[in-house]
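A short worksheet on the structure shown next.
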Ligand SMILES: *[C@@H]1O[C@H](CO)[C@@H](O)[C@H](O)[C@H]1NC(C)=O
Ligand SMILES: [Zn+2]
């Protein structure tokens, strides 16, 4: 098994090295917002997306809800003319994505230099996969409430680390399970999960609220559930979304892990095409990263009270189902608790936050982690996706956005935890 794994890894590295692009340059790439007002307008967007001319940042969610996408400068004129003809009134949100990326890089480096003499983990900066894992392991070594475990390996052989914060032994209390980073470019979700982890691990016995929440629940956190994609987004393509598995198309590696779960796998809102950003893979759980979360849920079956998959961005809290417009049996209860969570988020800094059933109100998605948590045998009613705040910077926020994002998201999750039945 071990030998086979190494051979696969080398083959993978050999092949991907041949096609590995240098750092992808987004000079002139724009992010454009549109407001679809007709079905025809929506179809036009879908066509551009299928042809690879645009890539969504915010997926269209029906009429009169803003969507946004990235587009190269060479396609911009033509596409915005077509969209304007369809009354989609394109508005440029970000004029040059590369500038934003370089600004983010510069700010990360500046903070690193400022903190160079401090050994403490800097929660207000972005961190690599290696740094995140080191922090999780060190905290586990220092703190008797925390344990670190490896729940699986990524396609390229990186450990998928999980931390548990619990006072007693396993199999007694109910669990709140948080997963971050399944989409590689959504860096602020890693930052949010690692901050929450620190609050739980180091606030016990000091902060009354944290103490109560750790007394009541065990907390399981997987801060970086797509390590290869995350590393790739640091090294090569800041806007990478999927994992890094090879596919049938050598030019288009990567499976969207949040379409690879066994919850209406292959259905609406996922793609059979490897070049698509929502490529679902060859079969449910074809990807080891998805298997890792599945197995961790299975290992805790019967105990997971709430499962939250944290994404960026958009300021929205979503419930099952993603794949069918019909509302789940327990929808009233799902709705009650997500309303409370959203209120707590907004109460923090006034950030507008919506909550909605994903398929009925927004758009269809099949094979998601969240829906699997609900329908995949665990029947976790409090199974949610949170898209954190942040419209101005999209996927490339400055480090100065981290703390408020983490604090308000945590307030939402705490409110959820207090109110689950
Ligand atoms: C763990 O403890 C060591 C020794 O006291 C300390 O140097 C280190 O910063 C601690 N690490 C974390 C993550 O708490
Ligand atoms: Zn996402």
Ranking 280, 59 by Cβ neighbours within 10 Å, fewest first, what do you get? 59, 280
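Hey, can you rank 364-374, 115-125 by average C-beta count inside 10 Å, highest first? Can you show the working numbers first?
Values: 364-374: 26.2, 115-125: 11.6.
Answer by packing, highest mean first, reads 364-374, 115-125.
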Taking only Cα atoms, what is the 0 to 90° angle, nearest 10, from helix 73-85's long axis to the longest principal axis of the chain? 80 degrees
Order by neighbour count: 136, 318, fewest other Cβ atoms within 10 Å first, most last. 136, 318
nm² value of the averaged projected area, convex hull over the Cα atoms of the range 202-343: 11.0 nm²
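May I ask you to order 282-290, 143-151 by the average number of other C-beta atoms within 10 Å around their residues, highest value first? Provide the component values of the computation, followed by the final result.
On the way: 282-290: 20.0, 143-151: 15.9.
Descending mean neighbour count gives 282-290, 143-151.
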Helix 2-19: inclination vs the chain longest Cα principal axis, degrees, rounded to 10, gives 30 degrees
Nearest-0.05 FRET efficiency for residue 250 and residue 72, computed from C-beta distance (R0 25 Å): 0.65
Counting other C-beta atoms within 10 Å, which of 248, 198 has the fewest, and how do the rest follow? 248, 198
Ignoring everything except DSSP H segments at least 4 long, calculate the 222 nm mean residue ellipticity for the chain; use -39,500 (n - 2.57) per segment, divide by total residues, nearest 500. -12500 deg cm²/dmol
So what's the angle, to the nearest 10 degrees on a 0 to 90 scale, between helix 288-299 and the longest Cα principal axis of the chain? 30 degrees
Given N residues in the range 30-95, what is Rg(Cα) / (2.2 N^0.38 Å)? 0.94
In nm², what is the average projected area of the convex hull enclosing the Cα atoms of the chain? 20.0 nm²
Dividing the mean separation of Cα pairs under 8 Å (6+ apart) by the residue count of the chain yields a relative contact order in percent of 16 percent
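Each reported figure results from applying straightforward, stated rules to the coordinates on display, with no laboratory input. The structure displayed is predicted, hence computed values, not measured ones. Cβ: placed from backbone, ideal geometry, glycine included. Neighbour counts: every protein chain shown.
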